[in-house]
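Visitor: Please find one structure pasted underneath; my questions will follow.
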Amino acid sequence: MKSAITVSLVEEAKGGPFVFHNGIEDAASRAAALGFDAIEIFPPSADALNPTEILEITKRHGLAVAAVGTGGGWVIRKQHLCLPDAATRQGAKDFIRRIIDVAAKLGAPAIIGSMQGKWGDGVSSKQSLTWLAEALNELGAHAEQAGQILLYEPLNRYETNLFNTVADTVAFLKTLKTSNVKILADLFHMNIEEADVAAAIRSGGAHIGHIHFVDSNRRAVGLGHTAFEPIVQALRDIEFNGYLSAEAFPLPDTETCARTQSESFKRLVREVN
Ligand code: LER
Ligand code: MN
């Protein structure tokens, strides 16, 4: 298992759960100094990412890119995949597709989190699930051609009414034509929705492709009340070998957050056999 830490390039997401907010160079040098393996990037759009420049920075610091988020399309443009207007839904898909392409150049998958949207406002649950399935089939196949998986993230009930648990997400993914969509399991959402987080991870098994590794209060691992040992054991049991990424609030401050996450990762993952 590898460690990653988030950097947001989105001005509007300053209060969001991202550790670094001062550009790729700042994030990469601080992540490398703390022993992280990779950075996870939250860009405003594909256009904001220059792959040559980012690869130069990350390679210089001995880091990889773990994943690239697409939520900027929701935060900035208020687009998502289940809106009633067909042109807006198409715009959301195009926005994600372009991030898939840039992420692939960085050797990373794209994440569909808040861009999945929700049903309501005249759109039925059945209709939105049909649109979501169509989009994941299309974008999952596109990511496969680019040599990457596509990550789909179940969110807690206050952010979406589509899928909130790993089990429901696995059942849905099994209905897709593509098998290239994997689950991003975010421990913050799971703490709200799952009866047993470790059991949910075991039930997700090979469908799990990425982890947002964060404490109960969405702070760095070690700054909340989640019991991590059984969760890490479950990840070992499913032979998870992807990234445990810190999508956490930079609290009480960025430095303490990043350092605590790094120490917790080493204690929980690296020092235990
Ligand atoms: C994105 O990774 C996420 O977890 C969502 O809560 C974004 O709002
Ligand atoms: Mn997340």
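Visitor: Ignoring ligands, DNA and RNA, what accessible area per residue does the chain give at 1.4 Å, in Å²?
Guide: 41 Å²
Visitor: Could you work out how much longer the chain between Arg259 and Lys14 gets when fully extended? Use 0.36 nm per residue separation minus the Cα distance between them, nm to one decimal.
Guide: Extra length available between Arg259 and Lys14 comes to 86.2 nm.
Visitor: With θ taken as phi - 60° and the coefficients 6.51, -1.76 and 1.60, list the Karplus ³J(HN,Hα) couplings across segment 26-32 in order, rounded to whole Hz; mark glycine and proline as x.
Guide: For segment 26-32, the Karplus curve yields 4, 4, 5, 5, 6, 5, 5 Hz.
Visitor: Calculate, for Asp47 and Ser124, the FRET efficiency according to 1/(1 + (r/R0)^6) with r their C-beta to C-beta distance and R0 45 Å; round to the nearest 0.05.
Guide: For R0 = 45 Å, the calculated efficiency reads 0.85.
Visitor: If you only keep lysine pairs separated by 8 or more in sequence, or across chains, how many in segment 2-270 come under 14 Å at the Cα atoms?
Guide: Close lysine pairs under the 14 Å cut-off: 6.
Visitor: Please report the net charge: other residues with Cβ closer than 15 Å to the Cβ of Gly204, K and R +1, D and E -1.
Guide: Neighbourhood net charge equals -4.
Visitor: Which ³J(HN,Hα) values in Hz, rounded to whole numbers, follow from the phi angles of segment 137-151 under the Karplus curve 6.51 cos²θ - 1.76 cosθ + 1.60, where θ = phi - 60° and Gly and Pro get x?
Guide: Once θ is set to phi - 60°, the couplings for segment 137-151 become 4, 5, 6, x, 5, 5, 4, 4, 4, 7, x, 10, 7, 10, 9 Hz.
Visitor: What length, rounded to one decimal in nm, is gained on full extension from Ala87 through to Leu55, with 0.36 nm per residue of separation minus their alpha-carbon distance?
Guide: Full extension of this stretch gives 8.2 nm more.
Visitor: Once amide H atoms are placed 1.01 Å from N in the peptide plane, what residues at a sequence separation of 5 or more from His212, or on another chain, have their amide H within under 5 Å of its amide H?
Guide: Here Ala185, Asp186, Leu187, Ser245 satisfy the definition.
Visitor: Separate question: Assigning unit charges at the beta carbon (Lys, Arg +1; Asp, Glu -1) and nothing else, what dipole magnitude in debye, to the nearest 20, does segment 2-270 show about its Cα centre?
Guide: 280 debye
Visitor: Now for a different question. Rolling a 1.4 angstrom probe over the protein chains, ignoring ligands and nucleic acids, what is the accessible area of Thr254 in square angstrom, nearest 10?
Guide: Solvent-accessible area, nearest 10 Å²: 40 Å².
Visitor: Give me the percent of the accessible area of the chain that comes from carbon and sulfur atoms, probe 1.4 Å, all protein chains in place.
Guide: 50 percent
Visitor: Pop out the ³J(HN,Hα) list for segment 2-8 in order, Karplus 6.51 cos²θ - 1.76 cosθ + 1.60 with θ = phi - 60°, rounded to Hz; leave Gly and Pro as x.
Guide: For segment 2-8, the Karplus-derived couplings read 10, 9, 9, 9, 8, 9, 9 Hz, x marking Gly and Pro.
Visitor: 5 Å is the cut-off here: which amide hydrogens, built 1.01 Å from N in the peptide plane, fall below it relative to Gly107, excluding neighbours closer than 5 in sequence?
Guide: Sorted by chain and number, the residues that satisfy this come to none at all.
The values are calculated or read from the model by the stated rules, or taken from the named source; none is laboratory data. None of these values were measured; they are calculated from a predicted model. Note that we place each Cβ from the backbone using ideal geometry, even for glycine, and neighbour counts take in every protein chain shown. Side chains are part of the model used for accessible areas, which takes the heavy atoms of the whole protein and leaves out ligands, DNA and RNA. Shrake-Rupley method; radii C 1.70, N 1.55, O 1.52, S 1.80 Å.
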